[in-house]
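As structure tokens, the structure follows; a few thoughts come after it.
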Amino acid sequence: SGCDHRCTYCIVPTTRGVERSRPSADIVREVQDLVQKGYKEVMLLGQNVNCYGKKLDEGVDFAALLEKVDREAAPARIRFTTSHPKDAHRRLFEVMRDAPGVCEHLHLPVQSGSSNTLKRMKREHTREWYLDRISEFKQIVPGGTLTTDIIVGFCGETDKDFMETLSLMEEVRFQSSFVFAYSERPGTPASKLKDDVPESVKAERLQMVLELQKRLTFEANASSVGREVEVLFSRFKDEGAPRSIGHTRQHQRVVCYGPDSAVGTIRKVKINQVVHETLLGEMTA
């Protein structure tokens, strides 16, 4: 938990403190206990989870931790969030490809597609550096999906800066995005910058990003129609038309209609249709 990065808009270093890592053996034991209790999916969570282990003496970085959890605890699925682009590297991607339990889904916040805006945010990466990581991920993890965080209307963001965010989204083709209009957080370095983007412009840019992401999500999901995917079902709703709800390894939402709950099971599902951001299908196994 905690974070040693000092993004100008972020209050986490103040509220959560510096980065701290639990011993890997403690994490493995906790996951083993969860698996014994019947849990099929675990989430490794941190403000910058892939910086794990830098301050430990055991020589286990985050990629090695994923391997260890997969090998020694063996949950059906392992997810993790949130990652900083500066700590996303080839070895991590190779583990995502090779470790059977690690899901092929990477949440990698970009915040902006403009190197100028990223510099004001002190994100420690440029547009080009981020795109290089994305290219490497796609090469190593074929079929993997990407999600992100985006802030619009940050201090000093010009129309050109904003258009670079839209063009980056088009190039990466995120499965989904968490999108926010910038608002000042007291106590952050950005609170000393001039919040000079009008609220009306922030709202307009926010809507444009949301509309673009809606299209990208639909297009990504449409490519799954006709395919068979693996779904872990986590919810069942019996009001109206009974249906089981779950997610693929790539974190796509799937709904299967039918009277019997599939909660807690991993099933093969043939995808027949896309409705908004949801895949509809029928269980085949």
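The values are calculated or read from the model by the stated rules, or taken from the named source; none is laboratory data. It should be emphasised that the depicted structure is a prediction, and the values quoted were computed from it without experimental measurement. So basically every Cβ, Gly included, is an ideal-geometry build from the backbone, and we count neighbours across all protein chains shown.
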Practice task
Restricting attention to segment 248-279, report how many residues are in a strand (DSSP E or B) and under 15 Å from A220 (Cβ atoms).
Solution key: 9
Fill in the blank from the handout: Picked from segment 84-106 (must be over 24 Å from V231 (Cα atoms), free of Cβ contacts under 8 Å to residues at least 60 places away in the same chain and of a type outside the set (A, V, I, L, M, F, W, C)), the residue surrounded by the most Cβ atoms within 10 Å (Cβ to Cβ) is P85
Practice task
Answer with yes or no whether F154 is outside any helix (DSSP H, G or I), in the same structural domain as H84 (by TED's automatic domain parsing) and over 15 Å from P85 (Cβ atoms).
Solution key: yes
Problem - Residue selected from segment 107-123 under the condition surrounded by 15 or more Cβ atoms within 10 Å (Cβ to Cβ) and either among the β-branched types (V, I, T) or assigned to a loop (DSSP other than H, G, I, E, B) (or both), by the criterion nearest to the chain's Cα centre (by Cα) - result: L108
Practice task
Go through (1) in contact with a strand residue (DSSP E or B) (Cβ under 7 Å, 6 or more places away or on another chain); (2) modelled with pLDDT of 95 or more; (3) assigned to a loop (DSSP other than H, G, I, E, B) and name the single condition D195 misses.
Solution key: (1)
Problem - Candidates A262, A241, A203, filtered to the one that is over 23 Å from the mean Cα position of the chain (by Cα), crowded, with 20+ Cβ neighbours inside 10 Å and more than 23 Å from R127 (Cβ to Cβ) - result: A262
Exercise for the section: Report yes if some residue within segment 54-61 is hydrophobic (A, V, I, L, M, F, W, C), crowded, with 20+ Cβ neighbours inside 10 Å and not assigned by TED's automatic domain parsing to the domain that holds L232; otherwise report no. Expected result: no
Fill in the blank from the handout: Of the residues in segment 42-89, those that are of a type in the set (D, E) and in contact with a helix residue (DSSP H, G or I) (Cβ under 9 Å, 6 or more places away or on another chain) come to E58, D61, E67, D70, E72, D87
Exercise for the section: Among the residues of segment 112-154, write down those that are in contact (Cβ under 8 Å) with a residue 60 or more places away in the chain and touching a helix residue (DSSP H, G or I) at 6+ places or on another chain (Cβ under 9 Å). Expected result: R120, M121, K122, R123, E124, G144, T145, I151, F154
Practice task
For segment 162-178, name all the residues that are of a type in the set (D, E, K, R) and either surrounded by fewer than 16 Cβ atoms within 10 Å (Cβ to Cβ) or at positive phi (or both).
Solution key: E170, E171, R173
Fill in the blank from the handout: By residue number, the members of segment 90-106 that are under 17 Å from the mean Cα position of the chain (by Cα), hydrophobic (A, V, I, L, M, F, W, C) and not in a helix (DSSP H, G or I) are V102, C103, L106
Exercise for the section: All but one of (1) touching a residue at least 40 places away in the same chain (Cβ under 8 Å); (2) closer than 20 Å to G153 by Cβ hold for E219, so report the exception by its number. Expected result: (2)
Problem - Among residues of segment 179-195, those that are surrounded by 13 or more Cβ atoms within 10 Å (Cβ to Cβ), touching a residue at least 24 places away in the same chain (Cβ under 8 Å) and not charged (D, E, K, R), counted - result: 8
Practice task
State all residues of segment 1-53 that are loosely packed, with under 14 Cβ neighbours inside 10 Å, part of a helix (DSSP H, G or I) and among the hydrophobic types (A, V, I, L, M, F, W, C); if no residue qualifies, say none.
Solution key: A25
Practice task
Give me a count of the residues in segment 126-152 that are among the small types (G, A, S) and surrounded by fewer than 18 Cβ atoms within 10 Å (Cβ to Cβ).
Solution key: 2
Handout entry: Count of segment 54-69 residues which are under 20 Å from the mean Cα position of the chain (by Cα) and assigned to a loop (DSSP other than H, G, I, E, B)
Key = 1
